[in-house]
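The values are calculated or read from the model by the stated rules, or taken from the named source; none is laboratory data. All figures in this text were calculated on a predicted structure; none of them were measured in a lab. Here Cβ is always computed from backbone atoms with ideal geometry, including for glycine, and neighbour counts include all displayed protein chains.
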Amino acid sequence: MNVTFDLDDFLPSTGEVAWIGVRPSKGADVVVVQDVWAEAGRGLVGDHAHEEGADSSRQVTLIAEDFVSTVAERMGHPIDPRQLRRNIVVDGLNLRALHHRQQIEIGTAILEVSGPCHPCQRMENTVGPGGLKSMAGLGGYCCRIIRSGRGAIAIKVARSRAAGITKPSL
């Protein structure tokens, strides 16, 4: 006998945007914004990734609010999301449940997970000594924009429904 269950019954599949930032040029300081236009195949308008175009798997970067909190705990001081250099902080959605090519709705835009967003050496400067190590496993995800739309602070975020998982009987 096989038992089928849906991952969405066990993991939060919705949340909201807690913070948005864009980087006008590579290496530039992150600029906090209240809302943003996500252009399919390009990136967030106002962010340097927007100019990199359709070949980029890093058109948008996401990180969970609880990841930011964990990094702050590990570092022993408060962390401003700008220090982590990600585009969108989400609250409530279980980012660990996302997988490659998973689709996420943010407002009217649809993003597709392209892979993990590994922290870089720059974290040693922006977060402080030990910043890179403190972000181990907490870098968030890189995404491509597959449908243009608007995202804003407090707007709903939802992952697409996962396919049922079949658990073999014993």
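A few points about this structure:
- Selection from the range 40-56 of residues that are surrounded by fewer than 17 Cβ atoms within 10 Å (Cβ to Cβ) and either at pLDDT below 90 or not small (Gly, Ala, Ser) (or both): 45, 48, 51, 52, 53, 54, 55
Table: residues versus (1) under 22 Å from residue 153 (Cβ atoms); (2) under 12 Å from the mean Cα position of the chain (by Cα).
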| position | (1), (2) |
| --- | --- |
| 22 | yes, no |
| 42 | yes, no |
| 46 | yes, no |
| 55 | no, no |
| 59 | yes, yes |
| 73 | no, no |
| 77 | no, no |
| 100 | no, no |
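- Lone qualifier among 71, 127, 157, 89 - being in contact with a Phe, Trp or Tyr (Cβ under 6 Å, 6 or more places away or on another chain) and of a type in the set (Val, Ile, Thr): 89
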